[in-house]
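Quick notes on the structure that follows.
None of the figures in this text is laboratory data; all of them are computed from the coordinates on show. In this text the structure is predicted, and so the values were computed from the model without any measurement. Heads up, the Cβs are rebuilt from the backbone with ideal geometry, glycines too, and the neighbour counts pull from every protein chain shown.
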Amino acid sequence: MSGLQSFSAGSIVNGTGMKPRAKRSTGRMELGEYIVADPEICHGQPTFKGTRVLVWVVLEQLADGMSWNAIVKEWRGRVPKAAIAEAAALASELVKQRGYRGLNDHYRRKPARVGDLATA
């Protein structure tokens, strides 16, 4: 009997000898038809389903004036126009519900020092 035949079929996964990992509840949150937040993908930041394209990146592209067609082309069709529309709608709802407070708390500006201000 060869070495591989002596292992039980259940203990070999794809010929690696590794046991399959048990599926567990991931805390995946469906935010829409195209957007998901999964702790196992990009540390739980919202992404477009089936990709690792972060929603905030596409929103920044929109804010920078990039056209929807250019965004679709940039992501090689993995982010369709309907997904871009959903991201914009989700961002709109977030601002409506939370207002502007708390959106960028981790990006606080350092207070200006009096000596650094230019006098006219």
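Consider a paramagnetic label point 7 Å from the Cα of GLN97 along Cα→Cβ; state which residues of the range 36-71 have an amide N under 14 Å from it.
Residues 36-37, 46 fall inside that zone.
Please report, in whole Å³, the volume per residue of the convex hull around the C-alpha atoms of the range 25-101.
99
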